[in-house]
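The values are calculated or read from the model by the stated rules, or taken from the named source; none is laboratory data. Please read all numbers here as calculations on a predicted model, not as lab measurements. Because the Cβ atoms are built from the backbone with ideal geometry, glycine has one as well, and the counts that use them run over all protein chains shown.
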Amino acid sequence: MIDRGISASVGRNAANRRDDVVTVQRLLIARGFVSLGDADGDCRIPTVDAITAYQADFLRKPDGVVDPDGRTWRNLAATYTGDDPVMAELDASRLTRPVPRPDAGSVNIGLECAGNSYMLQKLGAPCSSGYTTLCQPPTNPRLRRNLVTDTVGPFRVTGLVPAVLSMKSVMNDIRSEQPAVYRALGSAGMLCCRLVRGSNTSISSHSWGTAIDLTINGVLDVYGNDTVQYGLTLIAPIFNRHGWFWGATFRKEDGMHFEGSQRLIDEWAAQLA
């Protein structure tokens with residue numbers, strides 16, 4: 001089993017704990033520094049030189065040191081795509097690592113959340129009866145005839161047709177740009193007519209099949225604790241680019257949740273039969 005990161009610095013005049021050195025060496029070798037040979041855990045001159053050469057691509061003054069959670073580590077450990085099963089294990093574990101939720105000004109830029117009144121105006125009421133915290137099927141005839149169940153990359157969903165088609169495009173880009181996250185993604189559901197968690201009045205956007213909750217390696221992001229899984233931060237910009245609003249900036253953080261923004265709801269409503 002490999003740790004989620006390194007416990008101390010690796011490189012020139014660093015702590016150079018053996019397990020940490022092995023992790024850094026494996027990542028360097030995976031990124032083309034094959035002259036290191038095997039990852040032996042001994043931080044000699046070739047390892048320091050490889051770190052320095054790697055840093056030259058993004059640091060003005062390479063120092064030959066990899067610090068835990070420093071810029072070099074973040075770049076070096078980012079979404080490994082090779083064949084080494086040990087490094088694949090590292091990627092899988094680090095993607096679920098909790099990090100502070102991003103500042104509201106850094107995500108969902110130019111996007112507006114579609115609240116209940118907006119959704120009701122554009123798509124109508126999903127159900128004719130009352131809502132509870134439990135899922136129930138929609139009864140709205142227009143909504144029902146515009147639902148579809150389909151495969152969207154690594155999982156299947158049931159949702160509003162244009163939302164599912166948009167999700168396919170999102171997942172195609174994630175597969176291309178963040179392959180490690182793509183391989184780890186799962187769904188905790190898209191269509192679910194219910195109330196928002198913790199509310200007695202607000203209808204969840206899942207009720208229209210226009211939102212999705214994601215898992216990484218089968219793990220749900222913890223709701224409302226102001227941290228989000230690191231892997232979600234890698235794909236949120238892709239969702240935003242396609243017009244999806246990320247729930248990490250809700251008053252009560254919901255990092256697993258992505259939903260159609262007002263712009264998308266406008267587009268999708270116009271496409272319904």
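Condition first: over 23 Å from Arg17 (Cβ atoms), exposed (fewer than 13 other Cβ atoms within 10 Å of the Cβ) and modelled with pLDDT of 85 or more. Now tell me which residues in region 57-104 satisfy that.
Arg60, Lys61, Pro100, Asp103, Ala104
So which residues in region 22-41 are assigned to a helix (DSSP H, G or I) and among the basic types (Lys, Arg)?
Result: Arg26, single match.
Do the conditions hold for Asp69, that is, is it touching a residue at least 60 places away in the same chain (Cβ under 8 Å) and within 20 Å of Arg94 (Cβ to Cβ)?
Yes.
Here are some residues: Leu191, Leu185. Which one is at pLDDT 90 or above and over 14 Å from the mean Cα position of the chain (by Cα)?
The unique qualifying residue is Leu191.
Restricted to region 105-141, and to residues that are touching a helix residue (DSSP H, G or I) at 6+ places or on another chain (Cβ under 7 Å) and at positive phi, which residue is surrounded by the fewest Cβ atoms within 10 Å (Cβ to Cβ)?
Once the filter is applied, the top-ranked residue is Gly124.
Taking region 201-229 only, how many residues are buried (at least 20 other Cβ atoms within 10 Å of the Cβ) and under 16 Å from the mean Cα position of the chain (by Cα)?
Final tally of qualifying residues: 8.
List the number of the failed condition for Thr133; all other conditions in (1) over 25 Å from Gly218 (Cα atoms); (2) in contact with a Leu (Cβ under 8 Å, 6 or more places away or on another chain) hold.
(1)
Out of Lys168, Lys252, which single residue is modelled with pLDDT of 95 or more and basic (Lys, Arg)?
The unique qualifying residue is Lys168.
Would you say Asp173 is on the phi < 0 side of the Ramachandran plot and without any contact (Cβ under 8 Å) to a residue 60 or more places away in the chain?
Against the criterion (on the phi < 0 side of the Ramachandran plot and without any contact (Cβ under 8 Å) to a residue 60 or more places away in the chain), Asp173 does not qualify.
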